[in-house]
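K.L.:
My questions will all concern the structure given below.
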Amino acid sequence: MQTGARIGFILLFAPLLLWLGLLIVIPHIDLFLLSLRERIGVGEYRTSLANYIAFFGEPLYLVTFMRTAIMSVLATVLTLIIGFPVAFYIAKFAKGRAQSVLFLLCLVPFWVSELVRTFGWMILLRETGIFSELLQWSGLVDGPVEMLYNDAAMMVGLVYTSMLFMIVPLITTLESLDDSVIEAGYDLGGTGPSVLREIVIPHAMPGIVSGSIVVFMLSLGNYLTPTMLGGKDSLWFTEMIYAQFIVRFNWELGAAFGFMLLILSSLIVWAMLRLTGQTLEKTMG
Amino acid sequence: MIPSIRQPAAFRILWKLYVALFFVYLALPLVVVSVFAFNDSLFPSLPWKGFTLEWFFGQSRPMIGVFNERPIMRALGNSAFIAVMVSALSVAVGTSNAFLFNRYQFRFRGLLYVLLLLPLVIPGIVLGISILIFSSNVANGLEDSFGWDIAALRPGLVLVILGQFSFVATIVTLVVSARLQKFDPTLEEAALNLGATRLTAVRTITLPYLMPALVGGFIVAFLMSFENFNTTLMLVGSDAPLTIAMFDRLKEGSTPLLNAVSLVLMIGSTGLALLMILFQGRKTGG
């Protein structure tokens, strides 16, 4: 029996170890090591911080990096503000069948590939697109309007793409809030805003945090939406990583970029967990 | 919601309007993509030139339908193959992980659990490049020391499958764990008391109980793999899956062919998602 349990344990442990070791831990160590390598000649390398110096020394890299971070935070905040009233409505106002139908309606668009969603926004927003034609038809504008290829279009796409990941955790936490607690808040003289601030938001905090983390990660790591909807000025950091790896074939610099992106995302996730007193196990697991 | 709390009627109406507007926002891109798949024009835009099914079944240029466009069908096949492999691997490893963390206490359990969740917070593109770097290192090492050239370690189907599996496995682990936690272990003990071996007990009692989660996990994994873009982009070789093939087309300019592909994809994935919901509803509700 004892040896049986031991064999069982080893059999269950091996896949976990292989998966995390070979696909997560070692590749990321390799990524870090490669980012510390400097090419000094054909097939000749040495260990140095040259790639990081290049990153911090070139304003384009640094500006793109910061811009990506700030825009991702903005996308996260917008997603939260837009999604919260809808989540509250579905969790508290809608009842029975209507509730499950609304919930499902929220999910359906996201079973569709991100590419299809982005394509949809392109058809709507571009110069020959639906909005432009509608505006011309209604006489509000004279010529075609280009609404694609700018930051606003990109933001619409980013918020759209990650909405589900905000709405679902919000609904889940809000549903667990007992109606009578809200009533008690009003009975004790609270008003709409104060009940929201003192009762609803603190209760929904785990949902807000896990939703925000996922949305932030998805925005930061997004490649498709900034490439297809953003303009020439909306360069996203992932596009630079892609360029170094696939176009320039400068893997060393690309690895340094990748590692910076990893550090940035870990830092912000950590800060968010820290500020709200949550743990990764509680919010994700 | 809460009947005892009165709110101004205007406020309620505004709120309802907002929610309605929100659903319009959600539906709009998908609706236009679908509608323009049937436009008898070379561009997916207004004006409307009449209804056609040519973008699905057309045989001659310039209107070759989806089902007759070889590269697209091949990409669809690649996607399906990758998705099945990723789902099968993820369900196997995810189930094993769920049992491990549910049944055993061991050293570094907490640390390993955090490590298991990490793929969720690593940007997909970083996951892609690290696996690319690692596999190239291994491939180069093997080639230099033994003269073996292993194609599987170069960008291509195998790496795409491994790359997607690396984070889909986490999701499936969470799905299966959630159900395993609700399992009553005394049921398994009863089977053991009745003379079953440990393996038989798990096979005949626990696994059937887990079935909704296993099927659900498989479908979620399948859909995630099918629509994955970031990780795949860095690992793709010559056998591009559908998302990458469509992306390359879209960069060159769009035709309603892409709308037609999108609609086929939408119908497929919505169907799968509904299937999963029905399946789980039946198993857990009954």
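K.L.:
Taking 0.36 nm per residue of separation and subtracting the Cα-Cα distance, what length does fully extending B:E252 through B:L17 add?
P.N.:
Using 0.36 nm per residue and subtracting the Cα-Cα distance, I get 80.7 nm.
K.L.:
Taking the convex hull of the alpha carbon atoms in region A:120-249, what volume per residue do you get, in Å³?
P.N.:
Output value, Cα hull per residue: 161 Å³.
K.L.:
Then there is this: Which value in nm describes the separation of the simple spin-label points at A:I53 and A:L275, placed 7 Å from the Cα toward the beta carbon?
P.N.:
3.5 nm
K.L.:
Moving on to the next point. Determine the principal axes of the Cα atoms in region B:73-253, then give the extent along each, sorted from largest to smallest and rounded to whole angstroms.
P.N.:
63, 42, 28
K.L.:
Next up: Taking θ as phi - 60°, what are the ³J(HN,Hα) couplings along region B:207-218 by the Karplus curve (6.51, -1.76, 1.60), each to the nearest whole Hz, with x for Gly and Pro?
P.N.:
So the J values, rounded to whole Hz, are 4, x, 5, 7, 3, x, 5, 5, 5, x, x, 4.
K.L.:
Roughly speaking, what is the stretch gain from B:R70 to B:V138, that is 0.36 nm per residue apart minus the C-alpha to C-alpha distance, in nm to one decimal?
P.N.:
21.0 nm
K.L.:
Take every residue in peptide B:15-26, count the Cβ atoms of other chains within 10 Å of its Cβ, and give the average of those counts. Don't skip to the end; give the middle numbers.
P.N.:
Working: counts 5, 2, 0, 4, 8, 0, 1, 9, 5, 0, 7, 11.
Per-residue shielding by partner chains comes out at 4.
K.L.:
Given R₀ = 35 Å, what would the calculated FRET efficiency be for B:A178 paired with B:V35, taking r from the Cβ atoms and rounding to 0.05?
P.N.:
0.35
K.L.:
Pop a pseudo-label 7 angstrom from the Cα along the beta-carbon direction at both A:V25 and A:Y45 and give the gap in nm to one decimal.
P.N.:
Distance between the two pseudo-spin positions: 2.2 nm.
K.L.:
If r is the Cβ-Cβ distance from A:L134 to A:V181 and R0 is 35 Å, what FRET efficiency results, to the nearest 0.05?
P.N.:
0.15
K.L.:
Apply the membrane-span-like helix rule to chain A: whole DSSP H runs, Cα extent along the own long axis of at least 15 Å, mean Kyte-Doolittle hydropathy at least 1.0. List the helices found.
P.N.:
Details: long enough: A:2-19 (26 Å, 1.40); A:59-88 (43 Å, 1.80); A:96-107 (17 Å, 1.44); A:114-125 (16 Å, 1.23); A:151-175 (34 Å, 1.50); A:201-220 (27 Å, 1.62); A:251-276 (37 Å, 1.60).
Span-like helices in chain A: A:2-19, A:59-88, A:96-107, A:114-125, A:151-175, A:201-220, A:251-276.
K.L.:
Still on this structure, please answer the following. Modelling each spin label as a point 7 Å along the Cα-to-Cβ direction, I'd like the B:L278/A:I7 distance in nm, to one decimal.
P.N.:
Rounded to a tenth, the inter-label distance reads 4.3 nm.
K.L.:
Dipole size in debye (nearest 20) for region A:49-170 around its Cα centre, Lys and Arg Cβ +1, Asp and Glu Cβ -1?
P.N.:
Using Cβ point charges on Lys, Arg, Asp and Glu, region A:49-170 gives about 700 debye.
K.L.:
Just check chain A against the gyration tensor rule for me: Cα atoms, a ≥ b ≥ c as the square roots of the eigenvalues, rounded for a/c under 1.5, and otherwise prolate or oblate depending on whether a/b exceeds b/c.
P.N.:
Details: a/c = 2.01, a/b = 1.17, b/c = 1.72.
Cα axes put chain A in the oblate bin.
K.L.:
Hey, how much of the P(r) for the protein assembly as shown falls beyond 48 Å, as a percent of Cα pairs?
P.N.:
Counting pairs separated by more than 48 Å, the tail of P(r) holds 15 percent.
K.L.:
So which trypsin sites (Lys or Arg not before Pro) in region A:83-149 are both in a DSSP loop and have at most 13 other Cβ atoms within 10 Å of their Cβ? Display every interim value, and only then the final one.
P.N.:
Working: sites: A:K92, A:K95, A:R97, A:R117, A:R126; in loops: A:K95, A:R126.
Answer in residue order: A:K95.
Read-outs throughout are calculated quantities, based only on the coordinates presented, and are distinct from any laboratory measurement. This structure is a prediction, so every number in the text was calculated from the model and none was measured. So basically every Cβ, Gly included, is an ideal-geometry build from the backbone, and we count neighbours across all protein chains shown.
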